[in-house]
Every structure is written in structure tokens, then in C-alpha cells.
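What follows is a set of notes on a single structure, which appears directly below.
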Amino acid sequence: MSNSQTTAESGVDASGERAHGELIRAVPARYPGRWVVGVIAVAFAVFVIQAIIRSPNIDWGEVGHYLTYPTILKGLLLTIELTFVGMAIGVLGGILLAIMRLSANPVLRAISWVYIWFFRGTPLLIQIIFWFNISLIFPRIILVIPGTDFGYREMTNSLVTATVAAILALGLNEAAYMAEIVRGGLNSVDQGQEEAASSIGLSRWQTMRLVVLPQAIRTIIPPTGNEFIGMLKNTSLVSVIAAHELLTASQQIYAQNFETIELLIVASIWYLVLTSIQTYFQGILERRMEVSLRTRSESMPRQLWNSWQARRRPISNVSDW
Amino acid sequence: MTTAVEVRHVYKRFGSLVVLRDVSLQVQKGEVVCLLGPSGSGKTTLLRTINHLERIDAGEIYVGGKLVGYEYRKGRLHELKEKAVAHDRRRTTMVFQHFNLFPNMTALDNVAIGPRKVEGLPRAKAYDQARELLSLVGLADRADAYPKQMSGGQQQRVAIARALAMEPEVILFDEPTSALDPELVGEVLRVIRELADRGMTMVVVTHEIAFARDLADRVVVMMDGSVIEDGDPRRVLDAPTDSRTARFLSLQTA
């Protein structure tokens, strides 16, 4: 194509073709439908939110008052404790169960399978009540070295308090779910990795520790974060055994002052705060681990900001590139 | 000449499919043997039986005079435990079609991990040796790169260095260039040639006929689980005795 006839102003030569190196100056395609749908959605959201906020039946002053009430803060602390301890038991138990599940020993495989089958197959709520009432099956816990008097005896009820029952129920239940996540992570590592490791003489355990686990971790971290959030919310279930966590604390207060909605809002605000903090840290962790360069995702506020910025970014001339 | 690898009357089945049928093969020390044959002919399986990645159903395989995967105790054959088999594998390291580098380690660590963890070499010494091997394969400057940051050809050269690091008696190559872009094949073949010049014993499963003709001391052709040719590359490739070899070769060059 000849450039000699091209004028600098139009960038278009006599035959209507564009010259080399000219930026495309076209009108972007318009999508008015998107704006219409967006406006309707915003209008609806505003309506719902103002209906709640301006409701004469919600005393927002009370919400603010109870947000930092000592009973609520104590309940919040217990909720956090239950989440962390329950998750710790869940992760350790899950790793153990996953390794058992992939073991060469069929007995260990079967035990792991039955455990997961049972704990995933029954409602968590029942498991919580079950552990709380464990003394009905085992009234006493006695651990004594046979033939001697040396050992440990305790009434089950004084050992398994509501908090202990809650930790056992949440942790043992979580272990079953974590086992599947860990197993999925281990299976996601290519078979060739194990072959390569064994072809240079690494033992099975070395292969697991040095090659397979470090790669599996990347697959395991994101769903574990979700489990963490799930665990945080599941702690509210232990209110049925009155373990004095956040929801129980709220219930105790509204049982006396009947400000049910206000206290449920208080509890919800705290759950939202905790899950938001967790989401933030999980994002950092995932980015640091570079879970996958291709599917690497930005946080929602960041996405909105970026798309706004992209509209405003001026395009420089090709010669500046 | 001493024998590095000896395969004696090996049979192997996957279910009802016989993949190795009375296969025998000898590889002398310092020899380069290329295994050719159509896909499904059993050449990769044969390679994998040599370091016991695949179990065999009948026959015997010796590496450096030592039985692979089994041992005789009081006149009876006993299968070796996994740990012993794994430890023996370092004598027959393998280079894979898809490289199989450890993506969580740098090139240097990929090469040094075997000597450090299997041979118990001190870190500094293992790294020195790994650096030497990386420069042998022409990648001294990529020591700190992760596999994802390297081209296929570079990754395969690191994989060769990793295999060399164990000072094996034989290196087994499983189609080392067939996952590579055409322009990257040459750099890997050059490294293999370099090893051949240094007297490394190698068994190479390949589709590169020209490479086999050029470099191999012997060419073995497999078909349907059996060895149908075994001899000097020029004799096998230019004047095959079996008509099936001729047909296979004509399809390759077409």
C-alpha cells in the first residue's frame, strides 16, 4: 500500500484505507441496555435498604449500644476461639485422613472412608448435640494403665463442657471436609512428578514432603479459606448447647429486652466484620502463592476501580509505544 | 566391554493386552541404544521396566549386574520393598517426554535435590555440582529460574542435568524431544550428543530417525511388544531385514 498520498489529519488515503501506524479512532459500541438494567437494579437496592434503615421497628441506637456491649464482645471472642481451634483440628485431622485415604494399607483407607462418610453424612447440628450429651453413653472417662492404679479418671460432664463439646463437634466435622480438600490437592499433582522424584531415588515420604505437598498446597489454600468462613458461621450453631458464643450472647440479651432484630443485626455485623477480615487475608495469601497466573483475580473494589480507570486512560500515539 | 543393562526374556501384560513379549536386550557400558517403533509397540514400557516404574510379569532385568526390583534370598525371588526400589532407581535415572521438573523448585534445586536428599551431599557441595551440570547443558545463567520461566528446550536440558546429578549407570530417555517445538529439538539433541561423546550409557526412545542414525551405536526396532531388529544403525535403517521395519521407516520419513 502506498503511504505517499496519506494526509496527516485524516490518516485515510484517497482509496479510504488507513495508513500504517495510525491509531484507530472509532466510536466504541454502545450498550444502552446495560445502563437501563443497572439503573433498575440500583433503584431496587436503594428501595430495600432505605426500607430497612428507616423502619420505625428498628432502633438503630440500640444496635450501636449493644455492638460493644461486654456480653457481646465476650461472645465474639469465644466465636473467634472456636473458629481457630475448630479449624486447627479440622486441618490436622483432614491431612491425616487424606494420607490414610491414599495409603497403601486397605484398613487405613477403609477407616478414613467410613469417617468421612459418617461425619459428612450427618447434620452438624446433630453432631453438636451428640457431643454435648456424650455423657449419656460414657458417664465417666477412665484412662488407667491396666493392672495398676495409675491413670486418669473424670466425670464426663465436668470434662466435656459446652465449649469442649462445641470444639469437638466443629473440629471433627471439619476434618471430614478438609480430608476431601487435601485429597483433591494431592491428586491434582501430576503423576509424572512422583515418577520423576522416584527416578532420582527419592523415597515415597521424601517425594510427598519435598515435591507433592508444596504443589498441593496451592490447590488446597483457596477452598480452605472458604471452609474457614464456613466454620466462622457454623460456630453460631453451637448456640443450641448454649456455649456462650456470639449468637448465644445476643439471644440471652434479647430474651430479656425483646429487641430481637437489633441484637441479630449486632451479631450479623460482627460476623460480617470477621468474614471480611478473613477474605482480605485470604486474598493476600492467594496472591502471594500465585495460585495461578491466569486466573489470578482482583478484589471486587479493585475491579470496579480498574474498570473506571480504564475508561479514562488516554491512548498515546503509536510512535510513543 | 561390560554390560550395563541386560533384559532377559521379559513379558509384560496390561490386563489382556500383552505389551512386552519375550523381549531381550543388552546395553554395553558407554553404548547409546535408540529404541524405535510405532506408538503402542512397547518401547516406552520397556524403558520403564528397566527402572521398575513398571513391574514385569516374567523374565529378568539386570542393571550393572544387579537384579532390578527383586533379589534372591536363599534361592527364592523376593520383591524388594518400595524404599529399596526407589533407592536403586538412582542408578537408572530417567528423562521424561514432558520433562517433569519440580515446578516448586529452581533449576538449581531441581538438579541438587537428588544428591542432597538421596546421597546426603552437603548443600554447598550439591549446589556446586549442580552449577557445573547446568553449565554442561548450557544453562549456567538460568540456575535461579523456575521451570515455568523456561522454554521447553531449557526445561528438558535441566531435566537431563537432574538425571546426570545422580551419576547413574545408565540414563533412560523417554521421547525427550517429542513434546518440544521443532526449533527447540536441536538444543536438546546437542546435549544428548555431548553426553554420548563423554561415554555416558544411554537408552533413548525416540522418533528422530536421523538422530538415531547419526548418534546411536545400536538401533532396536520394536513392533507389537517384540524386538524385530537389533543392530548397527546403518544396517537397520538402510537395509532392514524385517519388512515391517521398512514399512515403519517409510511412514516416518514421509
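Just want to confirm a number: the relative contact order over chain A, from Cα pairs under 8 angstrom separated by 6+ residues, in percent. Could the numbers behind the result be given before it?
On the way: 290 pairs, mean separation 71.0, N = 321.
Relative contact order here is 22 percent.
Which residue, A:G93, A:A176, A:A26, has the largest displacement toward the positive end of the dipole of chain A when charges sit on each Cβ (Lys, Arg +1; Asp, Glu -1)?
Going by the charge dipole, the pick is A:A26.
Cut-off under 29 Å on the C-alpha distance; same-chain residues fewer than 8 positions from A:K233 excluded. Which lysines are left, in chain and number order?
A:K74
Which cross-chain or sequence-distant (5 or more) residues have an amide H under 5 Å from the amide H of B:V221, H modelled 1.01 Å from N in plane?
B:L36, B:I228, B:E229, B:D230
Which listed residue (A:Y115, A:L285, B:N51) has the Cα farthest towards the positive end of the charge dipole for the protein assembly as shown, taking +1 on Lys and Arg C-beta and -1 on Asp and Glu C-beta about the Cα centre?
A:Y115
Roughly how big is chain A's charge dipole about its Cα centre, with Cβ charges of +1 (Lys, Arg) and -1 (Asp, Glu), in debye to the nearest 20?
Values: 24 positive and 22 negative charges, 69 e Å.
Here chain A has a charge dipole of around 340 debye.
Just want to confirm a number: the relative contact order over the stretch B:100-167, from Cα pairs under 8 angstrom separated by 6+ residues, in percent.
Values: 82 pairs, mean separation 32.2, N = 68.
Relative contact order, the stretch B:100-167: 47 percent.
How large is the convex hull of the Cα atoms of the stretch B:60-148 per residue, expressed in Å³ as a whole number? Spell out each step's value before the answer.
Working: hull volume 11.8 nm³, N = 89.
Enclosed volume per residue, from the Cα hull, is 133 Å³.
Beyond 19 Å, what share of the Cα-Cα pairs of the stretch B:116-230 is found? Please give it as a whole percent. Please report the intermediate quantities before stating the final value.
Details: 3323 of 6555 pairs.
Everything past 19 Å amounts to 51 percent.
From the backbone phi of the stretch A:158-164, what are the Karplus-calculated ³J(HN,Hα) couplings (6.51 cos²θ - 1.76 cosθ + 1.60, θ = phi - 60°) in whole Hz, Gly and Pro given as x?
Coupling constants for the stretch A:158-164: 7, 8, 8, 6, 4, 5, 5 Hz.
For the peptides A:235-244, B:243-252, what is the packing order when you average, over each peptide's residues, the other Cβ atoms within 10 Å and list the highest mean first? All intermediate terms of the calculation are to be shown ahead of the outcome.
Values: A:235-244: 21.0, B:243-252: 14.1.
Highest mean packing first, the order is A:235-244, B:243-252.
Partner chain Cβ atoms within 10 Å, averaged over the residues of A:185-193 - can you pull that number for me?
Values: counts 0, 0, 0, 0, 2, 3, 1, 6, 5.
Mean shielding by partner chains, rounded to a whole number: 2.
Amide H of B:M94 versus every other amide H placed in the peptide plane: which residues, excluding those fewer than 5 positions away on the same chain, fall under 5 Å?
For B:M94, the qualifying residues are B:L172.
With +1 on each Lys and Arg Cβ and -1 on each Asp and Glu Cβ, how big is the dipole of the stretch B:100-167 about its Cα centre, in debye rounded to the nearest 20?
Working: 9 positive and 7 negative charges, 29 e Å.
So the magnitude is around 140 debye.
Is there a pair in B:K12/B:K43; B:K83/B:K117; B:K43/B:K117; B:K43/B:K66 whose C-alpha atoms are over 20 Å apart, and which pairs would that be?
Working: B:K12/B:K43 12 Å; B:K83/B:K117 14 Å; B:K43/B:K117 31 Å; B:K43/B:K66 22 Å.
The answer is B:K43/B:K117; B:K43/B:K66.
What is the log10 of I(q)/I(0) for chain B, computed with the Debye formula using one identical point scatterer on each Cα and no solvent, at q = 0.12 Å⁻¹?
-0.71
Over the stretch A:37-128, with a single point scatterer placed on each C-alpha, what log10 of the ratio I(q)/I(0) does the Debye formula yield at q = 0.16, 0.24 1/Å?
-0.84, -1.16
Using alpha carbon centroids, what distance separates the stretch A:43-89 and the stretch B:96-164, in Å?
Taking the Cα centre of the stretch B:96-164 as reference, the centre of the stretch A:43-89 is 54 Å away.
Using a Gaussian network model of chain B whose springs link C-alpha atoms within less than 10 Å, name the residue from B:R193, B:R218, B:R76 with the highest mean-square fluctuation.
B:R76
With +1 on the Cβ of every Lys and Arg and -1 on the Cβ of every Asp and Glu, and nothing else charged, how large is the dipole of the stretch B:32-153 about its Cα centre, in debye rounded to the nearest 20?
Working: 19 positive and 13 negative charges, 73 e Å.
Roughly 360 debye, rounded to the nearest 20.
Starting from the amide H of B:V19, placed 1.01 Å from N in the peptide plane, find each other amide H under 5 Å away whose residue is 5 or more places distant or on another chain.
For B:V19, the qualifying residues are B:K12, B:R13, B:F14.
List the chymotrypsin sites (Phe, Trp or Tyr not before Pro) within the stretch A:169-262 that fall in a DSSP loop (any state other than H, G, I, E or B) and whose Cβ has at most 12 other Cβ atoms within 10 Å. Mind dumping the intermediate values first?
On the way: sites: A:Y177, A:W205, A:F228, A:Y254, A:F258; in loops: A:F258.
Here the sparse-neighbourhood loop sites are A:F258.
Values in this text are rule-based calculations from the coordinates and carry no lab data. Remember, it's a predicted structure, so these values are computed and weren't measured experimentally. When we count neighbours, we look across all protein chains shown, and the Cβ atoms used for this are built from the backbone with ideal geometry, even at glycine.
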